Amino acid sequence: MSLPDDLVGVLLPLVAGQAPNELLFTNTVGSQLSSSRFWTTTWAPALHAACTRACRTPPPTPTHHD
């Protein structure tokens, strides 16, 4: 997977010193994120807030594969 250089610059400090099998993005107790919980508690509210201010039409619904 290729990542934009500016994103790499943000992520490198977060992964420094981590083992290859460690999770980068975790839930509040350090476990794997649940896609359905992330969707309802984080993604949907953020998308709604952003679109309330800037979108004329809602963006397509991404999946955890995007």
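Just so you know, all these numbers are worked out from the coordinates, no wet-lab data involved. On a predicted model such as this, the values are computed, not experimentally measured, just so you know. Cβ atoms come from the backbone with ideal geometry, glycine included; neighbour counts cover every protein chain shown.
Quick notes on this structure:
- Stretch gain in nm, segment S31-D6, where the contour uses 0.36 nm per residue and the Cα spacing is subtracted: 6.3 nm
- Residues L23 and T52, FRET efficiency given R0 of 22 Å [Cβ-Cβ distance, rounded to 0.05]: 0.10
- 15 Å beta-carbon shell around L14, net charge (K/R +1, D/E -1): -2
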